[in-house]
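A.B. asks: First the structure, then my questions, so here it is.
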Amino acid sequence: MSIQWFPGHMHLTRQAIAERIKDIDVVLEMLDARLPGSSANPLLAELTKAKPALKVLNKQDLADVARTALWLAHYNARPNTRAISLDASVTAPAKALIKACQELAPLRGGLTKPMRVLVCGIPNVGKSTLINTLTGKRAAKTGDEAGVTKAEQRINLAPDFVLYDTPGVLWPKIIVAKSGYNLAASGAIGRNAFDEEEVALELLHYLIPNYGAALQARYQLDVVEGQSDEQVLEAVARKRAPLLGRGRANLQKAAEIVIHDFRHGVLGAISLETPEEFAAWHAEGHKL
Ligand code: G4P
């Protein structure tokens, strides 16, 4: 089974972005540094392809540094594109962000031609956090709900530098099954849209060969290498969750623990995809 996710109402967002984009100099797309490919919305690429693009790989504190470097190189090799990584919640990213925008649109700046930047990204990627960090304010967060039209936010970062928040909600779009699992593991899609045990097994499938030592240390497992996803989930359950009747392992509880620990960086800095892997999933036709 794969993840079923049809949030709908994208036509409202499509119209709003298409309208706003006319007056925009740089499109800033926030991505989850742990899953940059899967957290990108292809609709945005389609609507904004002529515009300079700044990719912000956010949550870098939770992501694998070496893999983030691969993704930065991947995006920086694209024409008309710059990429930076940051942790929107603690660092003061304004300098790097403003510099990247100036490189992308060197003719903008000054009071008569202020830089106009559109901040886009799927829910939960860190847009509000970034805007709050940049402005030093705690702006109220509007709900990410299908059908809710968000009032457009205009933020004057400097007299000649204006940020616009995404008009509408840019939902994730799942094109390959693996992206659906990665989005679910990261917390980007609704809890009711997936089965936690299935997502935890897919997560373990990636973690066992790539981050086996982290799993072993966190859950004090005797062995991880060479074990199946099911065996590791059961081992986590036996270590960390009370047994069910007749000594059965509580796999549901173990799944919740593994997903929680990944989301909050308890397993260490982990990324779920490299540019090469992401391209291969598309090429191999893991299409839905
Ligand atoms: P959104 O506007 O794009 O929907 O995302 P938002 O800023 O609300 O961020 C979603 C969650 O991600 C928040 O956590 C936020 O604190 C966290 N976050 C944002 N940027 C970073 C980052 O760079 N690193 C880390 N580790 N976390 C980040 P939450 O649990 O939903 O809320 P809260 O408990 O932090 O208030």
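The values are calculated or read from the model by the stated rules, or taken from the named source; none is laboratory data. Every value quoted in this text rests on a predicted model; they were computed, and no experiment measured them. Note that each Cβ is placed from the backbone with ideal geometry, even for glycine, and that neighbours are counted across all protein chains shown.
A.B. asks: Can you find, within the range 109-129, the residue that is farthest from VAL56 (Cα to Cα) among those that are hydrophobic (A, V, I, L, M, F, W, C) and buried (at least 19 other Cβ atoms within 10 Å of the Cβ)?
C.D. replies: Only one residue tops the list, namely MET115.
A.B. asks: Does ALA100 satisfy the condition of being crowded, with 19+ Cβ neighbours inside 10 Å and either of a type outside the set (A, V, I, L, M, F, W, C) or more than 24 Å from ILE270 (Cβ to Cβ) (or both)?
C.D. replies: Judged against the criteria, ALA100 is a match.
A.B. asks: Next question, about the same structure. Return the total of residues in the range 83-108 being among the hydrophobic types (A, V, I, L, M, F, W, C), under 17 Å from LEU57 (Cβ atoms) and free of Cβ contacts under 8 Å to residues at least 12 places away in the same chain.
C.D. replies: Number of matching residues: 0.
A.B. asks: Right, something else. Of everything in the range 165-215, what is over 27 Å from MET10 (Cβ atoms) and among the acidic types (Asp, Glu)? Give them in sequence order.
C.D. replies: Correct list: GLU197 only.
A.B. asks: Between a residue in the range 202-223 that is free of Cβ contacts under 8 Å to residues at least 24 places away in the same chain and any residue that is small (Gly, Ala, Ser) and crowded, with 20+ Cβ neighbours inside 10 Å, which pairs come within a Cβ distance under 6 Å, given they are 6 or more apart or on different chains?
C.D. replies: If the second residue must be small (Gly, Ala, Ser) and crowded, with 20+ Cβ neighbours inside 10 Å, the pairs left are LEU221/ALA235.
A.B. asks: Among the candidates ALA16, ALA50, which residue alone is more than 16 Å from the ligand (Cβ to nearest atom), hydrophobic (A, V, I, L, M, F, W, C) and free of Cβ contacts under 8 Å to residues at least 60 places away in the same chain?
C.D. replies: Answer to the check: ALA50.
A.B. asks: Does the range 12-68 hold any residues that are at pLDDT below 95, closer than 18 Å to VAL176 by Cα and of a type in the set (Ser, Thr, Tyr), and which are they?
C.D. replies: none
A.B. asks: A follow-up question, please. Taking ALA53 as the residue in question, decide whether it is crowded, with 18+ Cβ neighbours inside 10 Å and closer than 27 Å to GLU197 by Cα. Explain how you work it out, then say what you get.
C.D. replies: Numbers: crowded, with 18+ Cβ neighbours inside 10 Å: yes; closer than 27 Å to GLU197 by Cα: no.
So ALA53 does not fit the description; no.
A.B. asks: Based on what the data block shows, is ALA33 crowded, with 24+ Cβ neighbours inside 10 Å, over 12 Å from PRO275 (Cβ atoms) and touching a Phe, Trp or Tyr at 6+ places or on another chain (Cβ under 8 Å)?
C.D. replies: In short, yes.
A.B. asks: Regarding GLU277, is this residue in a helix (DSSP H, G or I), farther than 20 Å from GLY180 by Cβ and of a type in the set (Asp, Glu)? So that I can check it myself, show each step before the final result.
C.D. replies: Working: in a helix (DSSP H, G or I): yes; farther than 20 Å from GLY180 by Cβ: no; of a type in the set (Asp, Glu): yes.
Here the answer is no, as GLU277 does not meet what is asked.
A.B. asks: In addition: Looking only at the range 130-144, which residues are surrounded by fewer than 19 Cβ atoms within 10 Å (Cβ to Cβ) and either at pLDDT 90 or above or more than 8 Å from the ligand (Cβ to nearest atom) (or both)?
C.D. replies: The answer is THR135, GLY136, LYS137, ARG138, ALA139, ALA140, THR142, GLY143.
A.B. asks: Looking at the range 56-71, which of its residues are surrounded by fewer than 20 Cβ atoms within 10 Å (Cβ to Cβ) and more than 15 Å from the ligand (Cβ to nearest atom)?
C.D. replies: ALA66, ALA69, LEU70, listed by residue number.
A.B. asks: Of all residues in the range 211-240, count the ones that are under 12 Å from ALA200 (Cβ atoms) and either surrounded by fewer than 16 Cβ atoms within 10 Å (Cβ to Cβ) or out of contact with any Asp or Glu (no Cβ under 8 Å at 6 or more places or on another chain) (or both). Please lay out each step first, then the result.
C.D. replies: Step one: list which residues in the range 211-240 are under 12 Å from ALA200 (Cβ atoms), which gives 215, 229-230, 232-234, 236-237.
Then drop every residue that is not either surrounded by fewer than 16 Cβ atoms within 10 Å (Cβ to Cβ) or out of contact with any Asp or Glu (no Cβ under 8 Å at 6 or more places or on another chain) (or both), which leaves 215, 230, 232, 234, 236-237.
Matching residues across the range 211-240 total 6.
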